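One structure is given below, encoded as structure tokens.
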Amino acid sequence: MTYLEKQSNPLDPVHFRGNLQADYLYTSGAAGDKFFKHIMENDSFLASECEECGTVFCPPRLYCEDCFVEIPDEKWKEVPAKGTVRLFTTAMLNTFGEPLEVPKIIGLIDIEGTDSSMLGILKTKDQKQDLTGITVEAVFRPTQEREGTLKDILYFNESG
Ligand SMILES: [Zn+2]
């Protein structure tokens, strides 16, 4: 299938080969900007807590999406860059379908002290281990090499 062919069943999986130009700019917004500036200088995360329902967002949000209320600055807090692995997968191929020299484990991590999860690369000595439920801690780039992006988090290491 090429990208010019019409897809008749929206449930059919679609796969394109080749290059597709996709120019876009996605801004991190005011809350995301604060989050990324924080991780440039700290080995922790910023979170914000809704006063109405108590949900703690990480990365932080300016508004609660459930209660439609603003989250004021005084409800922002620092949380440790730690969490619990909820689920994970092991990538054996790169984005071009070529085998990776070292398989990459990607996990969904429930961030400690929040109601949010974050994707991250997991480092473990045992590739076959079931990582579900283990506690992990973010390993950041050296402070002078940080750029204020998620790439400042190199990976998550098993902790404790
Ligand atoms: Zn809320």
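No lab work stands behind these numbers, since they all come straight from the coordinates. What you see is a predicted model; the values in this text were computed from it and never measured. When we count neighbours, we look across all protein chains shown, and the Cβ atoms used for this are built from the backbone with ideal geometry, even at glycine.
Here are the numbers:
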| read-out | value |
| --- | --- |
| Förster-model FRET efficiency, 25 Å R0, Asn19 and Asp130, C-beta, rounded to 0.05 | 0.10 |
| The chain, relative contact order [Cα under 8 Å, separation at least 6], % | 19 |
| At most 16 other Cβ within 10 Å, DSSP loop - chymotrypsin sites (Phe, Trp or Tyr not before Pro), the range 1-41 | Tyr3, Phe16, Tyr24, Tyr26 |
| Derived scalar couplings ³J(HN,Hα) [the range 62-75; Karplus, 6.51 cos²θ - 1.76 cosθ + 1.60; whole Hz; x for Gly, Pro] | 7, 9, 7, 6, 8, 9, 6, 10, 6, 9, x, 3, 5, 9 |
| Estimated FRET transfer efficiency when R0 is 35 angstrom, pair Lys6-Val102 (beta carbons, to 0.05) | 0.30 |
| Distance (nanometres) between label positions extended 7 Å along Cα→Cβ at Gln144 and Glu41 | 1.8 |
| Residues with amide H under 5 Å from that of Ser117, placed H, sequence gap 5 or more | Ile111 |
| FRET efficiency, Glu158 to Thr90 (Cβ-Cβ, R0 22 Å, nearest 0.05) | 0.90 |
| Within the chain, helix-based [θ] at 222 nm, where runs of 4 or more DSSP H residues each add -39,500 (n - 2.57), nearest 500 | -2500 deg cm²/dmol |
| Residue pairs, from the table Lys104/Lys128; Lys77/Lys123; Lys125/Lys151; Lys82/Lys128, whose Cα atoms sit over 19 Å apart | Lys77/Lys123; Lys125/Lys151; Lys82/Lys128 |
| Helix axis angle, 29-41 relative to the chain longest principal axis, alpha carbon, degrees | 80 |
